[in-house]
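J.: First the structure, then my questions, so here it is.
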Amino acid sequence: MKNPFSLKSKNILITGASSGIGRRCSIIFSKLGANVILMARNEENLKKTYQQLESGNHLYFAQDVTEYDKLENIISESVSRIGKISGFVHSAGIGMTLPLKSLSPIYYEKIFAVNVISAFELAKIISKKKYLNENGSSFIFISSIMGLLGEEGKVAYCSSKGALISASKAMALELSQKKIRVNCILPAVVETEMSEMFFNTIATEAKKDILDMHPLGLGNPDDIAYTCVFLLSDASKWVTGTSLIVDGGYSAR
């Protein structure tokens, strides 16, 4: 019997692959047989991810995802070198904590460029017939539980992550005829370099409050990476337009 969770011979693009969730996705996908295409700004950290991959036909590109005019060349080169794309995980993202009174359009533009617009641009490019695997593809946007829930000081962040949720539903309908599935994953706090930097800036009591909000404790990047495996694999062939909450019970309160 064929393993429905296998990623063997799938060509998968991962943005934000230089650290955190994106790095673990890249490594785990390679262990499950995928050829991975890594994209991130930091070439040094990108190489560290690349060096941890299992053997396969892998590529990496040091590229800022907000340089939209350069994205199609990367997809075109990737397809010419390893074949058409059968999966895309948008893990690139930035956080922002500022009260509404301190926000100006430039802040919204910055966070939406990384978290949202680059995801849509790559989805648009990959969905072209010349780049898309004949058997279809699975697109995954790493959103956040903050895309559903509010939090003080996170108007810009919450709205960017919420945009991914609503757009994934519209995109799932529009791209279904091309056999493309589109879904979101909504984590709460995951232990990554980004969250560690945040915890270093707050008081011990504030950190304890955050921990207490997660009944199963904080997540780790593998928790999200294995959820991506499900959504990329044939095991989820009837799943599209949904938002899968993976938050250790954060939203159950």
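The values are calculated or read from the model by the stated rules, or taken from the named source; none is laboratory data. Nothing here was measured: the structure is a model prediction, and the numbers come from that model. Here the Cβ is made from the backbone with ideal geometry for all residues, glycine too, and neighbour counts use every protein chain on show.
J.: Does at least one position in the range 57-67 carry a residue that is β-branched (Val, Ile, Thr), out of contact with any Cys (no Cβ under 9 Å at 6 or more places or on another chain) and either closer than 28 Å to residue 176 by Cβ or surrounded by fewer than 19 Cβ atoms within 10 Å (Cβ to Cβ) (or both)?
T.: yes
J.: Do any helices (runs of 4 or more DSSP H) entirely within the range 149-253 hold 2 or more residues that are modelled with pLDDT under 95 and over 30 Å from residue 132 (Cα atoms), and if so, which?
T.: Of the helices (runs of 4 or more DSSP H) lying wholly inside the range 149-253, those with at least 2 residues that are modelled with pLDDT under 95 and over 30 Å from residue 132 (Cα atoms) span 193-199, 204-212.
J.: Under 7 Å between Cβ atoms, which residue pairs at least 6 apart in sequence (or on different chains) link something in the range 1-23 that is at positive phi with a partner that is among the acidic types (Asp, Glu)?
T.: Taking only residues 6 or more apart or on different chains, the pairs are 20/193.
J.: Just the residues that are closer than 12 Å to residue 158 by Cα and over 17 Å from the mean Cα position of the chain (by Cα), please, taken from the range 101-122.
T.: If the condition is that a residue be closer than 12 Å to residue 158 by Cα and over 17 Å from the mean Cα position of the chain (by Cα), then 108 is the only one that fits.
J.: Is it the case, given these coordinates, that residue 70 is basic (Lys, Arg), in a loop (DSSP other than H, G, I, E, B) and either modelled with pLDDT of 95 or more or on the phi < 0 side of the Ramachandran plot (or both)?
T.: Considered against the rule, which asks whether it is basic (Lys, Arg), in a loop (DSSP other than H, G, I, E, B) and either modelled with pLDDT of 95 or more or on the phi < 0 side of the Ramachandran plot (or both), residue 70 comes out as no.
J.: Every residue in the range 96-122 that is among the β-branched types (Val, Ile, Thr), in a helix (DSSP H, G or I) and either farther than 22 Å from residue 195 by Cβ or touching a Phe, Trp or Tyr at 6+ places or on another chain (Cβ under 8 Å) (or both), please.
T.: Hits for the range 96-122 are 106, 111, 117.
J.: In addition: Kindly evaluate residue 11 against the criterion of being buried (at least 24 other Cβ atoms within 10 Å of the Cβ), within 22 Å of residue 118 (Cα to Cα), of a type in the set (S, T, N, Q) and modelled with pLDDT of 95 or more.
T.: Criteria met by residue 11.
J.: Any idea which of 144, 104, 160 is among the hydroxyl-bearing types (Ser, Thr, Tyr) and either surrounded by fewer than 15 Cβ atoms within 10 Å (Cβ to Cβ) or closer than 23 Å to residue 8 by Cα (or both)?
T.: Unique residue meeting the criteria: 104.
J.: How many of the residues making up the range 133-148 are in contact with a Cys (Cβ under 8 Å, 6 or more places away or on another chain) and assigned to a helix (DSSP H, G or I)?
T.: 2
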